[in-house]
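J.: Before I ask anything, let me first share the structure, which is written out below as structure tokens.
No value in this document is a laboratory result; all are computed from the given coordinates. Being a predicted model, the structure only gives us computed values, none of them experimental. Here the Cβ positions follow ideal geometry from the backbone for every residue, glycine too, while neighbour counts run over all protein chains shown.
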Amino acid sequence: MNKKKYWLAGIAIIILAAILTFYFIQKEQERKREEARVAVNLVAMGDSLTEGSGDEEKNGGYVGIVADKLEKRDDVKRVTTENYGVGGNRIDQLMKRLDTQPEFRQDVKEANAISITIGGNDVMKIVRAKLLDAKKKDFTKANQTFDTNLEKLLSDIRDLNALAPIYVFGIYNPYTTYFSEMKVFDEIIAEWNASTKEILADTPDTYFISVNKQLEERATTKVGKANPNLAGDMFHPNHSGYEKMANALYSKMVTSIQDGNLK
């Protein structure tokens, strides 16, 4: 009888040890998973597209949408955002703000992800000056100046923050439904984006976010009608358009998280 008691006690001890071992293994795995979760600190800078102009839901445009999407991920601990988008900004104005605003500079230093929308107003400055007489050559010098400034902007950001991935949105043609016959705009946008891609390809941990295909409306049935991706001003994205921008950024950011580049 005593032997049976000892045997049962031994079995109980083994079972208890197994339970405790399993418990502590689970706890250790949970701890490691928690440590691996990323606290995203996104600093968004640029023009009205970062500011969220045209978003009828007032959710901060793509910045608010991408934050909401990231917060739902199991590998993301929390998401904080700082929005330095200013409507109407050209790249030289963005560079000046970054150079002269201490809070802006400090937030860039502390970021582990940086997004940029810029270039649309640089193009529109020429469009407004030339109106419908704009020729491709009118944009050549402006594109070269933009490229020089973009290289400088990226360098300035890297001086403040050497590690955070930088996501740069391309520009798009908002006039595809009302001025679809003006192919020069398409050529300008394509070349502008191509030169931006080349600069980013030579800059480590920078990523081009293409949005022209998502935001431009090319259906023949929409000619002469409002682009469903744009707000009433026929220029800025509406909430649906910003969702498409956010989805494109989200995809790149998830890849950065999974590759361990966003820490």
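J.: What list of ³J(HN,Hα) couplings, whole Hz, do you get for region 185-199 from phi and the Karplus terms 6.51, -1.76, 1.60, once you set θ to phi - 60° and write x for glycine and proline?
T.: 5, 4, 5, 5, 4, 4, 5, 4, 5, 5, 5, 5, 4, 4, 5
J.: While we're on this one: Each residue of region 38-52 in order: what ³J(HN,Hα) in whole Hz does its phi give by Karplus 6.51 cos²θ - 1.76 cosθ + 1.60, θ = phi - 60°, with x for Gly and Pro?
T.: 9, 8, 7, 10, 8, 9, 9, 9, x, 10, 5, 5, 7, 4, x
J.: Additional query: Please report, largest first and rounded to whole Å, the three semi-axes of the ellipsoid equivalent to region 208-263, where each semi-axis is the square root of five times an eigenvalue of the C-alpha gyration tensor.
T.: Ellipsoid half-lengths, sorted descending, are 30, 11, 7 Å.
J.: Working out 0.36 nm times the residue gap between ILE15 and LYS141, then minus their Cα-Cα distance, what length gain in nm do you get to one decimal?
T.: This chain segment gains 37.6 nm when fully extended.
J.: Using only the Cα atoms of region 38-259, each taken as one equal point scatterer with no solvent, compute I(q) by the Debye sum, divide by I(0), and report log10 of the ratio at q = 0.07, 0.10, 0.11 Å⁻¹.
T.: Those come out to -0.21, -0.43, -0.52, one per q.
J.: Work through the residues other than ASN229 whose Cβ is under 15 Å from its Cβ and net out their charges, Lys, Arg +1 and Asp, Glu -1.
T.: Surrounding charge for ASN229 is -2.
J.: Starting from 0.36 nm per residue, how many nanometres of slack lie between LEU163 and ASP68 once their C-alpha separation is accounted for?
T.: Going from the current span to full extension adds 31.8 nm.
J.: Using every alpha carbon pair in region 135-263, what percent of pairs falls into each 10 Å bin from 0 up to the bin containing the largest distance?
T.: Each 10 Å bin holds this share of Cα pairs: 12, 35, 34, 16, 3.
J.: Hey, another quick one. Please sort by residue number the GluC sites (Glu not before Pro) in region 136-189 whose DSSP state is loop and whose Cβ has at most 10 other Cβ atoms within 10 Å.
T.: GLU181
J.: Across region 157-164, in residue order, what do the Karplus-derived ³J(HN,Hα) couplings come to in whole Hz, using 6.51 cos²θ - 1.76 cosθ + 1.60 with θ = phi - 60° and x for Gly and Pro?
T.: Residue by residue, region 157-164 yields 5, 5, 5, 8, 8, 7, 10, 5 Hz.
J.: Could you list, in their original order, any pairs among LYS141/LYS225; LYS125/LYS213; LYS58/LYS141 whose Cα atoms are separated by more than 31 Å?
T.: Correct reply: LYS141/LYS225; LYS58/LYS141.
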